[in-house]
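Novice: Let me begin by handing over the structure; questions about it come next.
The values are calculated or read from the model by the stated rules, or taken from the named source; none is laboratory data. Note that this is a predicted model, so its numbers are computed, not measured. In this analysis, Cβ positions are derived from the backbone assuming ideal geometry, glycine residues included, and neighbour counts consider all displayed protein chains. These accessible areas exclude ligands, DNA and RNA; they are computed on the full protein's heavy atoms, side chains included. Shrake-Rupley method; radii C 1.70, N 1.55, O 1.52, S 1.80 Å.
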Amino acid sequence: MPANPFLCGRDRAPARAALRATGLSTEDLSRPMIGVAHSWIGTMPCNLNHRRLAESVMQGVRDAGGTPLEINTIAVSDVITMGTEGMRTSLVSREVIADSIELVGRGHALDGLVTIAGCDKTLPAAALAHVRLGLPGLVLYSGTMLPGRFRDAEVTLQDVFEAVGRNAAGELDDTGLAELERAACPGAGACAGHYTANTMAMALEFLGLSPFGSMDPPAADRRRTAVCEHAGALVMRMVEQGLTPQKILSPSAFRNAITAGTATGGSTNLVLHLLAIAREAGIALDLTDFDAISSRTPVIADLRPSGRFTAVDLDRAGGTRVVGRVLDEAGLLDADALTVTGRTVAEEVREARETPGQQVVVPTARAFSPTGGLLVLKGNLAPSGSVVKASAAVTPRLTGPAVVFDREEDAMAAVQAGRIRRGDIVVIRYEGPRGGPGMREMLGVTAALVGRGLGPHVGLVTDGRFSGASRGLMAGHVAPEAAVGGPLAALRDGDQVTIDLRRRELSVALSASEMTDRLAAWTAPRPRYDSGVLGKYGALVSCASVGAVTTPVRA
C-alpha cells in the first residue's frame, strides 16, 4: 500500500522530522498511518483495559503492514456520576469524545482508524467520529465486566442501585448494603447486564461498524487479545479495499441495529444514539421507525435488567451471532446489509455456534414477548414524542396525580423519605438536553422506586433519560423539553397524567386552552450553566427527538 501523501515530498520534511522524534523510522513513515483511539482513564472500570488492548490492535496493524498511532481521549462514568451534578457531563462527553477523535483524524490525515470503546458514551461517540471522518475503520468494544456474587446469587450494579431503595425501606441493613457494594464489581469492564454499553456494542455489530462476535468475550477474557489483533489486520484490509462507513451505513443497517436492540430488551439510549449516528450519516431516521420495528420484533433474549442473564451468559450461549441467526431465520433482518469484514450480515450470523442447552436466546416461536419493549408515546405532554422501555411485567396503563419536581435530587429525596405513594406519577422536568443541561439519567430514582416496592405501582415522566438498567413504567426523552416551553413546563402537582402503552399515549387531563394559558404565563428558568463546556452545550444542543446532537440540524 502507498505511503500517506500527507507525509510525502520535500515540503513535509518538518512533519516527518517531528514524527521521527516519536520513534518512527523511515520504513514506518512509508506505510499507511492508522489511528488507534481509546478512552483509557483511571476514574472508572469500563475502560481500564484499553491501553493493553490498544497494544494488541497496534501489533495487528504492524503485522499487516501499517503504522499505528495511538490516540487517547476522555470518558465519563454514568454509574459514578449517577444522581449527582456530575451526571450532567455524561451525554456531553459523547460530543467531546467524538469531536476529539475527529480532530486528530482530520488534523493528522489518517489513512484508517480503529477505536476501542467500552462505556455508554464512548461507543456512540466512536461511531459518530468514524462517520464524520469517513475513513476505513471499525469500532471495537473492550468488553463487559464479569458479574459479582452476593449471598450465592450473581449481581450487577443494577442490584446495588436497587439495594439503596431497599436499604431506605428497611429491607436490607447497612451491613448487607456494604457487602453487596464490595461484591458487585469484580474487575474491569462495562456493566454486566444488557444495559447501554452492551446494547450499543451489539447494535454496532448489526449496524456494520463492528466485527460480529467482537462484543462477546468479557473484558478479562484472554480471547480479547486475538480479537484486537484481528481488528488491526482487518483495518489494513479495509484501507486497501477503500471500505468506509459511507459504504456500510444504509437504512437497512439502521433497521438491523434497531431490531437487534429491541429483540434483546436493550436500553432506551439506543434511540438517542442511533438517531444521532443516522443524522451524521445523512440517513433519514425518526422515532416512528423505532416504534414500528419494535412492534414487529419479538423479544428473544432473557437478559437483565428485565430478564435473568448477563452479557457474560450471552457469550457462553454463543454470542451475538446466535441472536442474529434467530432473527435472520425469522426474516427480521435485512440480510444483505454490509459489515466491516466486507461480508453481509447473513454471511456473518449464519456462522453462529450455539451452545447446546443454552437458555439465554430462544427461537421466535418461544419468544418472551411477541413485540419489543421500545415504545414511542405521544400526546399533549409529548407532541414530539417520548420513549418507554416496557417489559411484559410493566403496568400497561396508569392514570394518577402528578408529583412535580424541577430537578432529580428533589425527586430522589421524596422517594427516600417515603413521600411517593402508589398511583403517583412522578414528573422530573428541566433535565432535558438543554435544560439540564446534559439530559441526566434517572437510574437512582427508578432503582429507588423499585427498591421500595413501588416499581409496578407508580409512573415516572421526564425530559431526561433512563439508564439501561432502569425498569418500570418510565417515560423519558419527553419532547419538546420543559426548558424550551414544552408541555411539561405547564404541569402542576395533582394534574391527572396518563401513561398508556397500548394507545401509545402520554397525556394530561388539561384542555388545549388551559395548556395554552399556563404556558403563556410561564417564564423560562435561567440556564444552570452559562459558561464552560456545559454552557456551550446547553446553547447548541438539539432536541432529544433528533438525537440531542450539537452539529447543525438541517431540515
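Novice: Using a/c under 1.5 as the rounded threshold, could you call the stretch 181-233 rounded, prolate or oblate? The axes a ≥ b ≥ c are square roots of the C-alpha gyration tensor eigenvalues, and prolate needs a/b larger than b/c, oblate otherwise.
Specialist: oblate
Novice: Sticking with this structure for a sec: Any chance you could count the Lys pairs in the chain whose alpha carbons are under 26 Å apart, treating pairs 8 or more apart or on different chains as valid?
Specialist: Lysine pair count for the chain: 4.
Novice: For the chain, calculate the relative contact order in percent as a whole number, restricting contacts to Cα pairs under 8 Å that are 6 or more residues apart.
Specialist: 14
Novice: Using the Kirkwood radius built from alpha carbon pairs, what does the Stokes-Einstein equation give as D for the stretch 1-65 at 20 °C and 1.002 mPa s, in µm² per second?
Specialist: Stokes-Einstein gives a translational diffusion coefficient of 157 µm²/s.
Novice: Taking every pair of distinct Cα atoms and averaging 1/r, then inverting, what Kirkwood hydrodynamic radius in Å comes out for the stretch 40-95?
Specialist: When all Cα pairs of the stretch 40-95 are included, the Kirkwood radius is 13.1 Å.
Novice: Need one number: the % of Cα-Cα pairs in the stretch 319-377 sitting beyond the 17 Å mark.
Specialist: 46
Novice: Also, quick follow-up: Non-local amide H neighbours of Ile283 (under 5 Å, H modeled in plane, Pro and chain starts lacking H): which ones?
Specialist: none
Novice: Kindly rank 258-270, 82-94 from highest to lowest mean number of other beta carbons found within 10 Å of each residue.
Specialist: Going by the mean number of other Cβ atoms within 10 Å, highest first, we get 258-270, 82-94.
Novice: Check which residues have an amide H placed less than 5 Å from Ala117's amide H, if you skip close sequence neighbours.
Specialist: Leu140, Tyr141, Ser142
Novice: Over 5 Å intervals from 0, what percent of Cα-Cα pairs in the stretch 260-382 sits in each interval?
Specialist: Histogramming the stretch 260-382 at 5 Å steps yields 2, 11, 18, 22, 22, 15, 7, 3, 1, 0 percent.
Novice: Note down the net charge around Asp221, summing +1 for each Lys or Arg and -1 for each Asp or Glu among other residues with Cβ under 13 Å from its Cβ.
Specialist: Net of charged neighbours comes to +3.
Novice: Here's a follow-up. Which of the listed residues, Val549, Leu473, Ser511, is farthest toward the dipole's positive end in the stretch 445-555, when Lys, Arg count +1 and Asp, Glu count -1 at the beta-carbon?
Specialist: Projecting each Cα onto the dipole axis, the largest value belongs to Val549.
Novice: For the stretch 180-240, which chymotrypsin sites (Phe, Trp or Tyr not before Pro) are both in a DSSP coil and crowded by at most 14 other Cβ atoms within 10 Å?
Specialist: none
Novice: Can you give the FRET efficiency to the nearest 0.05 for Arg343 and Asp517, using r as the Cβ-Cβ distance and R₀ = 60 Å?
Specialist: E between Arg343 and Asp517, to the nearest 0.05, is 0.50.
Novice: What is the distance in Å between the Cα centres of the stretch 444-479 and the stretch 184-242?
Specialist: Here the two parts' Cα centres lie 29 Å apart.
Novice: Within the stretch 58-119, what whole-number % of the accessible surface is contributed by carbon and sulfur, with the 1.4 Å probe and all protein chains included in the calculation?
Specialist: Answer for the stretch 58-119 is 58 percent, counting heavy atoms of protein chains only.
Novice: Let me ask another. For the stretch 198-342, just the Cα atoms, rotate onto the principal axes and tell me the three extents in Å, largest first.
Specialist: For the stretch 198-342, the Cα extents along the three principal axes come out at 40, 36, 27 Å.
Novice: Highest first, please rank the peptides 16-29, 60-73 by the mean number of other Cβ atoms sitting within 10 Å of their residues.
Specialist: 60-73, 16-29
Novice: Per residue, what volume in Å³ does the Cα convex hull of the stretch 241-300 take up?
Specialist: 85
Novice: Compute the semi-axes of the equivalent ellipsoid of the stretch 83-232, taking the square root of 5 times each eigenvalue of the Cα gyration tensor, and list them largest first in whole Å.
Specialist: They are 34, 19, 11 Å, listed from largest to smallest.
Novice: Let me ask you something else. On a full-extension model of 0.36 nm per residue, what is the gain between Arg526 and Thr551, subtracting their alpha-carbon distance, rounded to one decimal in nm?
Specialist: 6.7 nm
Novice: Non-local amide H neighbours of Leu303 (under 5 Å, H modeled in plane, Pro and chain starts lacking H): which ones?
Specialist: Residues meeting the amide H criterion: Arg308, Phe309.
Novice: So what's the back-of-envelope 222 nm ellipticity for the chain, counting only DSSP H runs of four-plus at -39500 (n - 2.57) apiece and dividing by all residues, rounded to 500?
Specialist: Estimated from H runs of four or more residues: -11000 deg cm²/dmol.
Novice: Counting other Cβ atoms within 10 Å of each Cβ, which trypsin sites (Lys or Arg not before Pro) in the stretch 329-366 have at most 15 and sit in a DSSP loop?
Specialist: Passing both the DSSP loop test and the Cβ count: Arg343, Arg350, Arg353.
Novice: Write down the Kirkwood hydrodynamic radius of the stretch 149-222, to one decimal in angstroms, obtained as one divided by the mean of 1/r over all alpha carbon pairs.
Specialist: Radius from the Kirkwood sum: 14.1 Å.
Novice: Residue by residue, what Karplus-based ³J(HN,Hα) values in Hz, rounded to whole numbers, does the stretch 491-507 have, using 6.51, -1.76 and 1.60 with θ = phi - 60° and x for Gly and Pro?
Specialist: Each residue of the stretch 491-507 in turn: 5, 10, 3, x, 4, 7, 9, 10, 10, 10, 6, 5, 8, 6, 10, 10, 9 Hz.
Novice: Modelled label-to-label distance, Glu181 and Glu505, 7 Å Cα→beta-carbon offset: nm?
Specialist: In this crude label model, Glu181 to Glu505 measures out at 4.5 nm.
Novice: Using only the Cα atoms of the chain, build the gyration tensor, take square roots of its eigenvalues as a ≥ b ≥ c, and label the shape rounded, prolate or oblate: rounded if a/c is under 1.5, else prolate if a/b is larger than b/c, else oblate.
Specialist: Cα axes put the chain in the prolate bin.
Novice: Another question about this same structure. No other cysteine beta carbon under 4.7 Å away is the test; run it over the chain and list who passes.
Specialist: When partners are defined as cysteine Cβ atoms under 4.7 Å apart, the chain leaves Cys8, Cys185, Cys191, Cys228, Cys543 without one.
Novice: Same structure, new question: Can you give the Kirkwood hydrodynamic radius for the stretch 323-475, in Å, rounded to one decimal and based on Cα pairs?
Specialist: Evaluated over the stretch 323-475, this radius sits at 18.0 Å.
Novice: Given axes a ≥ b ≥ c from the Cα gyration tensor, I'd like to know whether the stretch 1-119 is rounded (a/c under 1.5), prolate (a/b larger than b/c) or oblate.
Specialist: Prolate is the answer for the stretch 1-119, as a/c is 1.5 or above and a/b outweighs b/c.
Novice: Across bins of 10 angstrom width beginning at 0, how are the C-alpha pair distances of the stretch 485-555 distributed, in whole percent?
Specialist: Answer for the stretch 485-555: a P(r) of 16, 32, 34, 18, 0 percent.
Novice: Considering only protein heavy atoms, what per residue accessible area in square angstrom results for the stretch 252-341 with a 1.4 angstrom probe?
Specialist: Heavy-atom accessible area per residue stands at 27 Å².
Novice: Here is a further query. Which ³J(HN,Hα) values, rounded to whole Hz and listed in residue order, are derived for the stretch 13-19 from phi using the Karplus coefficients 6.51, -1.76 and 1.60 in 6.51 cos²θ - 1.76 cosθ + 1.60 with θ = phi - 60°, glycine and proline given as x?
Specialist: With coefficients 6.51, -1.76 and 1.60, one gets 4, x, 5, 5, 4, 5, 5 Hz.
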